[in-house]
Amino acid sequence: MTVLCHSDELEEQSARGFEVGGQRLFAVKKDGVIYVYRNSCPHIGIPLEFQPDEFLDLEKQFIQCANHGALFEMETGHCVAGPCVGQTLTAVEFQLDNGLIRIL
C-alpha cells in the first residue's frame, strides 16, 4: 500500500494531485469525507487540471475538468455537465490508517 498523504494535509473543499507508480491520482475532501480518483477525464483521457492541485470549480462544489469544463460530483465522480455527461471518474480504492490515506 502506498501513502498519498495525511488526511489533515487535505483541506476541506479542496483537492490534491499525486503521481504513484506512473499513475496520476487525486484526492478530494468534502464535508470531512475523502474521495480518491484517477486523474483522467473520461471525455478524452487527459489530466483534469492545468495548474497543480486545481481540480475544483470556483465555488468548490464540483470537480472540474480544466480542458472542457466538465463538472463531476465530488462524492461519486459522476459527470453532471459538459461533454461527458453520464460518465464517471474512476474511483481508486483506499483506506484511512491513523489519518494516512493509503491506496490499495
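Every residue in the range 68-82 that is at negative phi and at pLDDT 95 or above, please. Don't jump to the end; show me each part of the working.
Filtering the range 68-82 for residues at negative phi gives 68, 70-76, 78-81.
If the condition is that a residue be at negative phi and at pLDDT 95 or above, then Ala70, Leu71, Phe72, Glu73, Met74, Glu75, Thr76, His78, Cys79, Val80, Ala81 are the ones that fit.
In the set Glu54, Glu59, Glu49, which member is touching a strand residue (DSSP E or B) at 6+ places or on another chain (Cβ under 7 Å) and either in a loop (DSSP other than H, G, I, E, B) or farther than 20 Å from Met1 by Cβ (or both)?
Glu49
Residues Leu10, Leu4, Leu25: which one is surrounded by 20 or more Cβ atoms within 10 Å (Cβ to Cβ) and farther than 16 Å from Leu89 by Cα? Explain how you work it out, then say what you get.
Numbers: Leu10 fails: surrounded by 20 or more Cβ atoms within 10 Å (Cβ to Cβ); Leu25 fails: farther than 16 Å from Leu89 by Cα.
Of Leu10, Leu4, Leu25, the one residue that is surrounded by 20 or more Cβ atoms within 10 Å (Cβ to Cβ) and farther than 16 Å from Leu89 by Cα is Leu4.
If we keep just the residues of the range 75-88 that are touching a Leu at 6+ places or on another chain (Cβ under 8 Å) and assigned to a loop (DSSP other than H, G, I, E, B), which is farthest from Arg24 (Cα to Cα)?
Gly82
Let's see how each residue does on (1) buried (at least 16 other Cβ atoms within 10 Å of the Cβ); (2) within 22 Å of Glu9 (Cβ to Cβ); (3) aromatic (Phe, Trp, Tyr):
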residue: Asn39; (1), (2), (3): yes, yes, no
residue: Leu48; (1), (2), (3): yes, yes, no
residue: Glu59; (1), (2), (3): no, no, no
residue: Thr90; (1), (2), (3): no, no, no
residue: Phe94; (1), (2), (3): yes, yes, yes
residue: Ile101; (1), (2), (3): yes, yes, no
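Does the range 63-70 contain any residue that is surrounded by 18 or more Cβ atoms within 10 Å (Cβ to Cβ) and free of Cβ contacts under 8 Å to residues at least 24 places away in the same chain?
Yes - at least one qualifying residue is present in the range 63-70.
If I ask for residues that are among the β-branched types (Val, Ile, Thr) and at pLDDT below 95, which ones from the range 21-45 would you list? Write out each step before concluding.
Our first condition is that a residue be among the β-branched types (Val, Ile, Thr); within the range 21-45, this holds for 28, 33-34, 36, 44.
Result: Ile44, single match.
Are any residues in the range 1-10 in a loop (DSSP other than H, G, I, E, B) and modelled with pLDDT of 95 or more, and if so, which ones?
Hit for the range 1-10 is Leu10, nothing else.
The values are calculated or read from the model by the stated rules, or taken from the named source; none is laboratory data. Not measured: the values here are computed from a predicted model. Methodologically, a virtual Cβ is constructed for each residue, glycine included, from the backbone with ideal geometry; neighbour enumeration extends over all protein chains shown.
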